[in-house]
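**Student:** One structure is given below, represented as structure tokens, and several questions about it will come after.
The values are calculated or read from the model by the stated rules, or taken from the named source; none is laboratory data. Because the structure is a prediction, the values reported are computed rather than measured. Cβ placement follows ideal geometry from the backbone for every residue including glycine, while neighbour counts extend to all protein chains displayed. Remember, those area values only see protein heavy atoms, side chains included, never the ligands or the DNA or RNA. Shrake-Rupley method; radii C 1.70, N 1.55, O 1.52, S 1.80 Å.
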Amino acid sequence: MKVVLFCGGLGLRIQGGTESVPKPMVCVGTRPILWHVMKYYAHFGHDEFVLCLGYRGDAIKDYFLNYPYRTAFDGKEERPHTVGSDVPDWKITFVDTGRTANVGQRLKAVEPHVRDEPEFMANYSDGLTDLPLPTHLAHFRERRAVGTFVSVRPHLSYHAVEVAGDGLVTDIREIGTTPLRINGGFFVFRPEIFDYIRAEEDLVNEPFRRLVKERKLAALEYDGFWQSMDTLKDRQQLEQILASGRAPWEVWAEVRPLAAEVGRPESLSRRP
């Protein structure tokens, strides 16, 4: 199954406001987070990728075309390429989807590459998880939906505050993990999704509301490990977990301990 990866973000909050590399190329350890995301999908047998390039798309192309272990490349734009050694079967199609396009328009731009597929996956390329991917696919197929996403509970490092009418604080507490669920950025679609996206529209706001109205949008609730990389603090936390040698999202590794063992909130640890 093909995997569409949105790779157009700047990642300014991660890089201290500097425009040096696109967000998907910000490293967790020695590899870009994009590599970790692709490695996750390839582990489950999905190694054909369509990369929606935007800001500094040249940096993303250069990384894979000059990959240290690359064994073959045909040298042509927007054609599948095979890279070797630790990623021997990856086939990558690069598509320039515009520097300022939103996610919905980036997806529309790659429609010719996935329109004939019975289903395909997509990802924001800025989050990591240990979700068993076959579980997500089965959930999607059972509901015969047009689209689905993974619904997660974010850990928020903020404090909830209650204030009385006189302006004095009556309670303050760390929010931690909230009952609120959010879109975790891991999607599965049928090609009918393109019929719901109109000109200039983003993916979630208008198209997803149309799907909701027609009861054609599903969500898999997952309480295992998930973390996005939106800020420098997020990156540092992911790197700390990786440095421990026990990163939960490395589903391709033989041993994957609970996230709580490496400092993650208990509520986000992987289910047994």
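**Student:** Any idea how far apart TYR158 and ASN183 come out in nm if each label point goes 7 Å out from Cα toward Cβ?
**Tutor:** Reported label-point gap for TYR158 and ASN183 is 1.9 nm.
**Student:** Run the 1.4 Å probe and let me know the accessible area of GLU221, rounded to the nearest 10 Å².
**Tutor:** In the full protein context, GLU221 sits at about 110 Å².
**Student:** By per-residue mean of other Cβ atoms within 10 Å, what is the highest-first order of 145-151, 191-197?
**Tutor:** 145-151, 191-197
**Student:** Tell me, what % of the accessible area of the range 151-241 is carbon and sulfur with a 1.4 angstrom probe?
**Tutor:** Here carbon and sulfur together make up 49 percent of the probe-accessible area.
**Student:** Next question. Reachable lysines from LYS108, Cα under 20 Å, same-chain residues fewer than 8 places away excluded?
**Tutor:** LYS2, LYS216
**Student:** As a quick test, which of the pairs LYS23/LYS91; LYS23/LYS233; LYS39/LYS61 have an alpha carbon distance above 23 angstrom in this structure?
**Tutor:** None, as every Cα separation is 23 Å or less.
**Student:** Could you pull the accessible area for TYR158 with a 1.4 Å probe, rounded to 10 Å²?
**Tutor:** Per-residue accessible area (TYR158): approximately 140 Å².
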